[in-house]
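Colleague: Have a look at this one.
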Amino acid sequence: MEASTGKILYEKNSEEQKPPASVTKIMTLLLIFEALDSGKLKLTDDITVSAYAASMGGSQVYLEPGETQTVETMIKCIAVASANDACVAMAEHLSGSEEAFVSRMNERAKELKMEHTNFVNCCGLDTDGHETCAKDIALMSRELTVKHPDIFTYSSIWMDEFTHTTKKGESVFGLSNTNKLLRNYEGCNGLKTGSTSKARFCLSATATRNNISLIAVVMACPDSKIRMKDAASLFNYGFANVTLYQDEKPGEKIGAIPLRGGKERTVAYEEPETFTYVLTKDEDSSSIQKEVKIAEGLKAPVKKGETIGEIEYSMNGKPIGAIPIRAAAGIEKSSFLYSYGQLWNRILPQSW
C-alpha cells in the first residue's frame, strides 16, 4: 500500500483472516496517539502498573505491580520491545480495563472499514476469535503513520533502555527491536513485528524513499527470515513501480474570489497545500487535470482559515483527490451604515 493515498499496489489473499500476534499493537498505539492528540494523555504522565498488567506472559519488559513509568517509556516498550505488560497497563489507564479498551479498538476498526477484524485483547496473545487480515493491518498502519508520524520516533529505534524503579530499587532494562529491516532495508522506519505459535511470523513494515512511503504487510510466514525477505520484496516491487506526482503551483488558476455582503468585495486565499498523487507505471501525469471550484454565492462573514472552495484533480475523467482553498483573512459582514458610508465615500469626490 502507498501510504499517502491508500492505493494498494499488490495483494495476495489480503482479506484472509489470520491471527496477527503482536501486530495487534498497531491499533493499541493508534489509540494511545489519538489520546495524546486530544489532550487526554501527555508523554510525561505517569502510568501505574496493575497486578493484572504485570502478569502478562509472552513478550514483556517485566514491569512490576505498583511500578510507574511515563507514557513515553510505555510507548517505547510497546513499539520497540513489543511489551504485552506495557500494552495492558496503557489500556487500563485509558479505558479503565483491558476489556473496555478492546471494545474501543473494535469500534475504531469499524470506523477504518477494517471489515475482517475482531480484537479480543490489546497485545496479540493467541486467543480464539482474535483475527484480522493483511488489508486491515495496512489500513490501521496507514492511519497511525499518516495521522501520527511521531510514531516513527519510536518505531525506528534499534536499541534503547529504561530504568525499572520499584521497592527493590533501580535496574536498567534493555530494549531491542525485532524488525531487522530497520538495519537491512534502506528507508525502513517501522512498524511492528509479531509472532506466536498460532500466528507464526507477521510484520507490518514501513519505508520511505524519495518522498514515497509504502506499507508492506505479511502474515503467517514460517520464520523470521522469510518474513523480512517477503516484506523487502513487496517494498522493492512498490518502489520500482510508482512515481510521485506533485502539483507545485496548485493556486495559479484561482484568481480573485468574489464575496457578497462583506466589508471587502473579494477575499484573499492561503496558498493551497501541494497536491500529491502516486502514479503506477501504467499511468501518465499528463492525463491529470485540475478544476478550481469556489463556493457558489460566497457571503460574508468569512473566518480566517475557513474553507471557501477546493481544487479537484482527476485522471481520465475519474476523481483522484482534492485540496481545500482557505480564506487568508477574516472578513466581517457589511452593515447598512458601513455600506452607506462606503457609497458616500465613492460619490463625495465626484461632487467636488
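Colleague: Could you list, in sequence order, all residues of the stretch 188-231 that are within 21 Å of Tyr154 (Cβ to Cβ) and of a type in the set (A, V, I, L, M)?
Modeller: Leu191, Leu203, Ala205, Ala207, Leu214, Ile215, Ala216, Val217, Met228, Ala231
Colleague: Filter the stretch 155-195 for residues that are within 16 Å of Ser22 (Cα to Cα) and outside any strand (DSSP E or B) and give the result.
Modeller: Ser155, Asn177, Thr178, Asn179, Lys180
Colleague: Return a yes/no flag: does the stretch 131-148 have any residue that is among the hydroxyl-bearing types (Ser, Thr, Tyr), at negative phi and over 14 Å from the mean Cα position of the chain (by Cα).
Modeller: Here is the first cut: in the stretch 131-148, the ones among the hydroxyl-bearing types (Ser, Thr, Tyr) are 132, 141, 145.
Still in the running and at negative phi: 132, 141, 145.
Okay, now just the ones that are also over 14 Å from the mean Cα position of the chain (by Cα), so 132.
The answer is yes, given that some residue of the stretch 131-148 is among the hydroxyl-bearing types (Ser, Thr, Tyr), at negative phi and over 14 Å from the mean Cα position of the chain (by Cα).
Colleague: Still on this model: Quick one: which strands (runs of 3 or more DSSP E) sit completely within the stretch 224-318 and have at least 2 residues that are closer than 27 Å to Gly330 by Cβ? Break it down into steps so the answer makes sense when it comes.
Modeller: Details: elements: 242-247, 275-280, 288-294, 307-315.
Strands (runs of 3 or more DSSP E) meeting the threshold: 288-294, 307-315.
Colleague: Given the structure, is Leu43 touching a helix residue (DSSP H, G or I) at 6+ places or on another chain (Cβ under 6 Å), closer than 30 Å to Pro319 by Cα and surrounded by fewer than 20 Cβ atoms within 10 Å (Cβ to Cβ)? First the steps, then the outcome.
Modeller: Working: touching a helix residue (DSSP H, G or I) at 6+ places or on another chain (Cβ under 6 Å): yes; closer than 30 Å to Pro319 by Cα: no; surrounded by fewer than 20 Cβ atoms within 10 Å (Cβ to Cβ): yes.
So Leu43 does not fit the description; no.
Colleague: Consider only pairs whose beta carbons are under 7 Å apart and that are at least six residues apart or on different chains; among these, list those whose first residue lies in the stretch 228-249 and is under 14 Å from Ile288 (Cα atoms) and whose second residue is assigned to a helix (DSSP H, G or I).
Modeller: Short answer, once both residue conditions are applied: Tyr245/Ser285.
Colleague: Assess whether Cys202 counts as being at pLDDT 95 or above, crowded, with 23+ Cβ neighbours inside 10 Å and over 30 Å from Gly66 (Cα atoms).
Modeller: Values: at pLDDT 95 or above: yes; crowded, with 23+ Cβ neighbours inside 10 Å: yes; over 30 Å from Gly66 (Cα atoms): yes.
Yes; evaluated as a whole, the condition is true for this residue.
Colleague: Separate question: Exactly one of (1) more than 18 Å from the chain's Cα centre (by Cα); (2) surrounded by fewer than 17 Cβ atoms within 10 Å (Cβ to Cβ) is unmet by Asn121. Its number?
Modeller: Failing condition for Asn121: (2).
Colleague: Among the residues of the stretch 256-276, count how many are open to solvent by 20 Å² or more (accessible area, probe 1.4 Å), under 25 Å from Ser314 (Cα atoms) and touching a residue at least 24 places away in the same chain (Cβ under 8 Å).
Modeller: Counting residues in the stretch 256-276 that are open to solvent by 20 Å² or more (accessible area, probe 1.4 Å), under 25 Å from Ser314 (Cα atoms) and touching a residue at least 24 places away in the same chain (Cβ under 8 Å) gives 5.
Colleague: Right, here's the next one. Tell me which residues, restricted to the stretch 294-331, are open to solvent by less than 20 Å² (accessible area, probe 1.4 Å), closer than 10 Å to Leu259 by Cα and among the small types (Gly, Ala, Ser).
Modeller: Listed by number, the list holds a single entry, Ala300.
Colleague: A further question follows. Can you pull out every residue in the stretch 2-35 that is touching a residue at least 12 places away in the same chain (Cβ under 8 Å) and more than 25 Å from Val120 (Cβ to Cβ)? Full working, then the answer.
Modeller: First, pick out the residues of the stretch 2-35 that are touching a residue at least 12 places away in the same chain (Cβ under 8 Å): 2-11, 13-35.
If the condition is that a residue be touching a residue at least 12 places away in the same chain (Cβ under 8 Å) and more than 25 Å from Val120 (Cβ to Cβ), then Glu2, Ala3, Ser4, Thr5, Gly6, Lys7, Ile8, Leu9, Tyr10, Glu11 are the ones that fit.
Colleague: Sticking with this structure for a sec: Are any residues in the stretch 281-293 more than 18 Å from Ala256 (Cβ to Cβ), touching a strand residue (DSSP E or B) at 6+ places or on another chain (Cβ under 6 Å) and not hydrophobic (A, V, I, L, M, F, W, C), and if so, which ones?
Modeller: Our first condition is that a residue be more than 18 Å from Ala256 (Cβ to Cβ); within the stretch 281-293, this holds for 281-290.
Subsequent filtering for residues that are touching a strand residue (DSSP E or B) at 6+ places or on another chain (Cβ under 6 Å) retains 285, 287-290.
Result: Ser285, Ser287, Gln289, Lys290.
Colleague: Further question on the same structure: Name the one entry in Glu92, Glu11 that is among the charged types (D, E, K, R) and open to solvent by less than 50 Å² (accessible area, probe 1.4 Å). Before you say what the answer is, go through the steps one by one.
Modeller: Details: Glu11 fails: open to solvent by less than 50 Å² (accessible area, probe 1.4 Å).
Going through Glu92, Glu11 in turn, the sole match is Glu92.
The values are calculated or read from the model by the stated rules, or taken from the named source; none is laboratory data. Please read all numbers here as calculations on a predicted model, not as lab measurements. Quick reminder, even Gly has a Cβ in these numbers, built from the backbone with ideal geometry, and neighbours come from all protein chains shown. Ligands, DNA and RNA are excluded from the accessible area calculation, which covers all protein heavy atoms including side chains. Shrake-Rupley method; radii C 1.70, N 1.55, O 1.52, S 1.80 Å.
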